[in-house]
Amino acid sequence: MAFYEDTPLPVSVPGIGYTLKHRLAVEKLIIYYCGQAVGREDGNGEIFTKEDLDVMRRRGRCHDMDKILTSMCYPQLTADYLHRLFATHHEEGLLSPEQRSKYDWMEMIFDMESAKYTKPDKWGGGAYAFAKKRKQNIMPWLMPYFSLFGLDKEDSGLVPHIKESLERDYYEADLLKAVEEYLHTTRLHFLNGVARLDDKGFWEVFDKPVPFRHPATDQKGGTLFHRPSELVEASENFSHREMMHGEYEAQLFDMDALCGLSEKQLQEENEKALDYLDVLFENGKQR
């Protein structure tokens, strides 16, 4: 076991080791900036609450973990594409700006802010400077949260203790710890019933949305998307990386709702879902 315990993971871009370091940077930035924001008013006039902090802390623990896990199964370009397609903090993914939650925009800001902590060639001024230059089309949705976190400036500086804590080697043990934290935050390995429900059949039999599905991907008859999207087509950078063309059906979890379940609720909701599954199979509506 000495090799696995003693050999640092490569952290050059791209790769699992780099994404692990990046994920940790985003989590630390969320803890720091969101912790300071409790009680403040955002640019939309809403107060950032302790409950909002809890949601964002869970997002920090889950950030980019789908990318890390798929990178262990598929070539990196495929893993990157699937992540950008389904992760709600990437603007080139499935959802339109109107379908995103405030937490998506907040996570997007910290995703961008982390670059100067993890990429030596991209110190820059921070997320605001980058977005102002490269993401003018979504700035109206980002600005309320730039102001909330005090990041609405050309150079937001560095948080020294965060920068210092990231400058180290990363090992297999760090990867296993991140996977364990993800499992214990989402608990998806206990939610076989919730995960298996078929949205089309569920609507036909019960005439209501599937529990814990993202509302943007839970329409009657299934939710169809077209690739490339309008946003991707309008971007030379995004269109160059596009790997899907045409219509397809997709579903996303409402991860914020799932991760907020108590242990008791976890078991209760999965038992309900398994009962739903029995009815769907009996009616021939479960694909």
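The values are calculated or read from the model by the stated rules, or taken from the named source; none is laboratory data. Model, not experiment: these values are computed from the prediction. Every residue, glycine among them, receives a Cβ derived from its backbone with ideal geometry; neighbour counts consider all protein chains shown. Areas reflect the complete protein model, heavy atoms only, side chains present, ligands, DNA and RNA absent. Shrake-Rupley method; radii C 1.70, N 1.55, O 1.52, S 1.80 Å.
What angle, in degrees between 0 and 90 and rounded to the nearest 10, separates the Cα long axis of helix 76-86 from the longest principal axis of the Cα atoms of the chain?
For helix 76-86, the angle is close to 70 degrees.
For an R0 of 22 angstrom, estimate the FRET efficiency from the Cβ-Cβ distance between residue 73 and residue 13 and round to the nearest 0.05. Provide the component values of the computation, followed by the final result.
Details: r = 20 Å, r/R0 = 0.89.
Given R0 = 22 Å and the Cβ-Cβ separation, E is 0.65.
Roughly speaking, what % of Cα-Cα pairs in the chain are separated by over 32 Å, rounded to a whole number? Write down the numbers at each step before the final one.
Numbers: 12010 of 41041 pairs.
Here the long-distance tail beyond 32 Å is 29 percent of all Cα pairs in the chain.
Only sites in a loop by DSSP and with at most 13 other Cβ atoms within 10 Å count here; which chymotrypsin sites (Phe, Trp or Tyr not before Pro) in segment 15-58 make the cut? Present the calculation step by step, with values, prior to reporting the outcome.
On the way: sites: 18, 32, 33, 48; in loops: 48.
Qualifying residues, ordered by number: none.
Excluding ligands, DNA and RNA, what is the solvent-accessible area per residue of the chain at a probe of 1.4 Å, expressed in Å²? Write out the running numbers ahead of the final one.
Details: 14690 Å² over 287 residues.
I get 51 Å² per residue for this part.
With a/c under 1.5 counting as rounded, go ahead and sort segment 66-160 into rounded, prolate or oblate using the C-alpha gyration tensor (a ≥ b ≥ c being the square roots of the eigenvalues; past the cut-off, prolate if a/b is larger than b/c, else oblate). Walk me through the numbers on the way to the answer.
Details: a/c = 2.24, a/b = 1.32, b/c = 1.70.
Judged from the Cα gyration tensor, segment 66-160 comes out oblate (a/c at least 1.5, b/c at or above a/b).
For the chain, with all protein chains present and a 1.4 Å probe, just round the carbon and sulfur fraction of the accessible area to a whole percent. Provide the component values of the computation, followed by the final result.
Details: 7780 of 14690 Å².
For the chain, the apolar C and S fraction of the accessible surface comes to 53 percent.
For segment 37-193, what does the relative contact order come out to in percent, with C-alpha contacts under 8 Å and a separation of six or more?
Working: 131 pairs, mean separation 37.3, N = 157.
Contact order relative to length: 24 percent.
Ignoring everything except DSSP H segments at least 4 long, calculate the 222 nm mean residue ellipticity for the chain; use -39,500 (n - 2.57) per segment, divide by total residues, nearest 500. Can you show the working numbers first?
On the way: 17 runs with 162 residues, N = 287.
It lands at -16500 deg cm²/dmol.
Evaluate the Kirkwood expression for the hydrodynamic radius of segment 1-99, namely the inverse of the mean inverse distance over all pairs of different C-alpha atoms, and round to one decimal in Å. The partial results should precede the final answer.
Values: mean 1/r = 0.0644 Å⁻¹.
After inverting the pairwise mean of 1/r, the radius is 15.5 Å.
Structure shown: which of 102/135; 21/177; 50/272 lie over 19 Å apart, alpha-carbon to alpha-carbon? Please list the in-between numbers first.
Details: 102/135 17 Å; 21/177 12 Å; 50/272 30 Å.
In this structure, 50/272 exceed 19 Å between Cα atoms.
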